[in-house]
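Asks: Sharing a structure, written as structure tokens. Questions coming.
The values are calculated or read from the model by the stated rules, or taken from the named source; none is laboratory data. All values reported here derive from a predicted model rather than from experimental measurement. Backbone-built Cβ (ideal geometry, glycine too); neighbour counts: all protein chains shown. Just the protein is used for accessible areas: all its heavy atoms, side chains included, with ligands, DNA and RNA removed. Shrake-Rupley method; radii C 1.70, N 1.55, O 1.52, S 1.80 Å.
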Amino acid sequence: MKAEIIAVGTEILLGQIDNTNTTFLAEELAGLGIEVYYQSVVGDNPKRLEEALELADQRSDLTVLCGGLGPTDDDLTKQVTAKHVGQELVTDEGGYQNLLAFFEKRERPMTENNRLQALVFKDGESLQNSNGLAVGIFYQTPAGKSYLLLPGPPNELKPMFFNEAIPLLQKHFQTDEQLISRVLRFYGIGESELVTKLADLIKHQSNPTIASYAKPNEVTLRLTVSTTDKNDGKQKLDQMEEVILDRVGDYFYGYGENNSLVEVVVELLKKQKKTVSAAESLTAGSFQAMLGSVSGVSEVFPGGFVTYSETTKEQLLNLDSKMLEKYGTVSKECAEAMAKQAKKLAHSDFALSFTGVAGPDSLEDQKAGTVWIGLATEEGVESYLYHFTRNRNYIRHSAVMTGLDLLRKKLIK
């Protein structure tokens with residue numbers, strides 16, 4: 001089964017938005033045993049989309065199109081594909097009722113062009129949209145060519161794919177062979193060092209396979225096994241994971257493509273019924289903002305402090321001005337005092353502090369990238385010195401991620 005993905009949208013072609021849908025679809029299709037051989041991006045142009053469809057027909061069994069199902073003049077994917085396969089567009093009743101309910105709830109009139117979002121192929125199968133208004137479509141020609149049309153917004157595409165598309169694809173493309181994947185996430189080790197430690201496994205890989213991916217301040221490994229027996233495939237992944245973690249387990253923090261270090265930390269805090277606060281200087285609230293991005297964090301995060309200047313450190317955290325004058329703000333003493341005061345004032349079980357030089361200029365005779373992180377616990381306070389590199393924002397992000405990992409390690413002890 002050869003598949004092809006066509007992402008439709010001039011904004012993707014011009015680089016105005018990232019083409020994350022194609023990456024997601026390629027990985028998920030592989031997990032269904034459907035191999036993606038080709039990927040392309042086409043602007044909102046009917047002639048060029050038709051050319052892409054003609055090329056896809058020559059080389060692929062399944063063509064997946066994402067984007068261009070909306071109500072505006074440049075949303076042409078449905079119309080062009082319908083003409084390409086000779087299908088009449090008709091109104092999907094479920095999609096139309098969803099449209100009516102949407103506008104009625106918001107007490108707004110529905111314009112005529114919105115009806116386009118409920119149109120589907122007469123002989124196709126509809127995919128309902130739980131997060132939006134555009135209905136998806138699956139269609140097979142008498143000759144066996146298949147087309148899957150999905151909306152462009154990722155928050156609509158992903159649930160539609162999981163809830164609607166996967167059952168359809170499994171029904172139409174039954175196969176004994178399946179691909180099972182597992183994603184391992186690592187922090188504190190670079191991709192080059194990670195693959196060096198696993199070099200022999202990667203060199204001699206066959207089934208399962210190992211693929212590394214560098215992400216900002218972390219690395220993931222995707223283990224993939226091809227199998228006809230789910231239990232046997234899981235056992236092979238377990239065996240490979242055991243070998244990998246025996247070598248680099250100190251850096252491993254969790255599983256999953258959509259997981260993150262902050263989510264793991266928040267979950268640990270919830271399980272242990274602990275709370276965390278923070279006092280931030282160079283990170284300017286980034287640590288607390290990252291905590292706030294996790295749903296339910298209010299259970300474990302009462303609040304914290306952003307004390308960018310020496311004055312606010314004194315005023316909000318009650319730091320001793322003589323201590324700051326003697327040691328400076330970029331110091332072990334300042335980091336520890338910030339962490340202790342944040343814990344005390346917020347009445348939290350843990351508190352982290354971040355103080356240092358984000359750059360590009362030096363501060364207090366300390367070069368850019370010099371960062372002190374303090375960690376206050378019930379047992380006392382600890383501080384750690386780091387020398388991060390690259391640009392200003394990368395230094396700040398590195399500090400936040402390092403602080404999260406320090407807290408994670410403290411929680412799992």
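Asks: Around residue 67, what is the net charge, scoring Lys/Arg as +1 and Asp/Glu as -1 over all other residues with Cβ under 11 Å from its Cβ?
Replies: That sum, taken over residues with Cβ under 11 Å, equals -4.
Asks: Viscosity 0.890 mPa s, temperature 25 °C: give me the Stokes-Einstein translational D for the stretch 141-204 in µm²/s, with Rh taken as the Kirkwood radius over C-alpha pairs.
Replies: The estimated diffusion coefficient comes to 153 µm²/s.
Asks: Also: Report the rotationally averaged projected area of the stretch 195-251 based on its alpha-carbon convex hull, in square nanometres.
Replies: 4.2 nm²
Asks: Follow-up question, since we're still on this one. Please report, for the Cα atoms of the stretch 283-413, the Rg to one decimal and the Dmax as a whole number; what are they, in angstrom?
Replies: In order Rg, Dmax, the Cα atoms of the stretch 283-413 give 14.0, 41 Å.
Asks: Continuing with the same structure: How much of the pair distance distribution for the stretch 151-250 lies past 19 Å, counting alpha-carbon pairs only, in percent?
Replies: Across the stretch 151-250, Cα pairs with separations above 19 Å total 55 percent.
Asks: Tally Lys and Arg at +1 and Asp and Glu at -1 over the other residues with C-beta under 13 Å from the C-beta of residue 249: what net charge comes out?
Replies: The answer is 0.
Asks: Let me ask another. Tell me the Kirkwood hydrodynamic radius of the stretch 37-94 in angstroms, computed as one over the mean inverse distance between distinct C-alpha pairs.
Replies: 12.3 Å
Asks: Across 5 Å bins from the origin, how do the percents of Cα pairs in the stretch 5-128 run, short distances first?
Replies: Values per bin, smallest distances first: 2, 10, 18, 19, 20, 16, 10, 4, 1, 0.
Asks: Over the Cα atoms of the stretch 99-208, each weighted equally, I'd like the Debye log10 I(q)/I(0) at q = 0.11 Å⁻¹, rounded to two decimals.
Replies: Computed log10 I(q)/I(0) values: -0.61.
Asks: Still on this structure, I have one more. According to the Cα gyration tensor, what semi-axes, each the square root of 5 times an eigenvalue, does the equivalent ellipsoid of the stretch 248-288 have, listed from largest to smallest in whole Å?
Replies: Semi-axes, largest first: 22, 15, 10 Å.
Asks: Follow-up. Between residue 387 and residue 327, what FRET efficiency follows from the Cβ-Cβ distance if R0 is 30 Å, with the result rounded to 0.05?
Replies: After rounding, the FRET efficiency stands at 0.95.
Asks: Return the distance in nm (one decimal) between the two label points of a simple spin-label model at residue 245 and residue 206, each offset 7 Å from Cα along Cα→Cβ.
Replies: 2.6 nm
Asks: Something else now. Taking the Cβ of residue 326 as the center, what net charge do the other residues with Cβ under 13 Å away carry, scoring Lys and Arg +1 and Asp and Glu -1?
Replies: Taking every Cβ under 13 Å from that of residue 326, the sum is -3.
Asks: Considering only DSSP beta bridges whose two residues both sit in the chain, what percent are antiparallel, to the nearest 5?
Replies: So the antiparallel bridges amount to about 65 percent of the total.
Asks: Something else about it: If you roll a 1.4 Å probe over the heavy atoms of the protein chains, what accessible area per residue do you get for the chain, in Å²?
Replies: I get 49 Å² per residue for this part.
Asks: Take each of the peptides 150-159, 360-369, 334-343, average the number of other beta-carbon atoms within 10 Å over its residues, and list them starting from the highest.
Replies: Answer by packing, highest mean first, reads 334-343, 150-159, 360-369.
Asks: As I understand it, the value is the acute angle between the Cα axis of helix 261-272 and the longest principal axis of the Cα atoms of the chain; what does it come to in degrees, rounded to 10?
Replies: So the inclination is approximately 70 degrees.
Asks: Something else now. Please compute the alpha carbon radius of gyration of the stretch 349-413, then divide it by the globular-protein estimate 2.2 N^0.38 Å. Two decimals is fine.
Replies: That ratio works out to 1.16.
Asks: Regarding the stretch 10-63, what's the average projected area of the Cα-atom convex hull, expressed in nm²?
Replies: Mean projected area of the Cα convex hull: 3.9 nm².
Asks: Please list the three semi-axes, largest first and in whole Å, of the ellipsoid equivalent to the chain, using sqrt of 5 times the eigenvalues of its alpha carbon gyration tensor.
Replies: After scaling each eigenvalue by five and taking roots: 48, 27, 19 Å.
Asks: Please report, in whole Å, how far the alpha carbons of the stretch 92-138 spread along each principal axis, starting with the longest.
Replies: 33, 20, 13
Asks: Run the paramagnetic zone check for residue 410: 7 angstrom along Cα to Cβ, then residues of the stretch 337-368 with backbone nitrogen under 16 Å.
Replies: From the stretch 337-368, the list is 337-355.
Asks: How large are Rg and Dmax for the stretch 212-303 when only the alpha carbon atoms are used, in Å?
Replies: 17.1, 54
Asks: Ok, one more. I'd like the FRET efficiency for residue 59 and residue 289, computed as 1/(1 + (r/R0)^6) with the beta carbon distance as r and R0 of 51 Å, rounded to 0.05.
Replies: 0.65
Asks: Still on this structure, please answer the following. Tell me, in nm to one decimal, what length is gained between residue 273 and residue 191 on full extension, where the rule is 0.36 nm per residue of separation less the Cα-Cα distance?
Replies: 26.1 nm
Asks: Moving to a separate point now. As I understand it, the value is the acute angle between the Cα axis of helix 332-346 and the longest principal axis of the Cα atoms of the chain; what does it come to in degrees, rounded to 10?
Replies: 70 degrees
Asks: A further question on this structure: Return the inverse of the average 1/r over all pairs of distinct C-alpha atoms in the stretch 111-172, which is the Kirkwood hydrodynamic radius, in Å to one decimal.
Replies: By the Kirkwood definition, the hydrodynamic radius is 12.1 Å.
Asks: Something else now. Set the Förster distance to 51 Å, then compute FRET efficiency between residue 199 and residue 101 from the Cβ-Cβ distance, nearest 0.05.
Replies: E between residue 199 and residue 101, to the nearest 0.05, is 0.35.
Asks: Another question, then. Quick one: pull the percent of accessible area on the chain belonging to carbon and sulfur, 1.4 Å probe, ligands and nucleic acids left out.
Replies: On the chain, the fraction of accessible area on carbon and sulfur atoms equals 48 percent.
Asks: While we're here: To the nearest 500 deg cm²/dmol, what mean residue ellipticity at 222 nm is calculated for the chain from DSSP H runs of n ≥ 4 alone, each contributing -39,500 (n - 2.57), summed and divided by the residues?
Replies: Computed ellipticity for the chain at 222 nm equals -12000 deg cm²/dmol.
Asks: Could you state the angle between the C-alpha long axis of helix 93-105 and the longest principal axis of the C-alpha atoms of the chain, as a value from 0 to 90 degrees rounded to the nearest 10?
Replies: With both axes taken from Cα atoms, the answer is about 40 degrees.
Asks: Right, another one. Going 7 Å from the Cα of residue 74 in the Cα-to-Cβ direction, what parts of the stretch 94-138 have a backbone nitrogen less than 14 Å from that spot?
Replies: In the stretch 94-138, the label zone of residue 74 (backbone N under 14 Å from the point 7 Å along Cα→Cβ) covers no residue.
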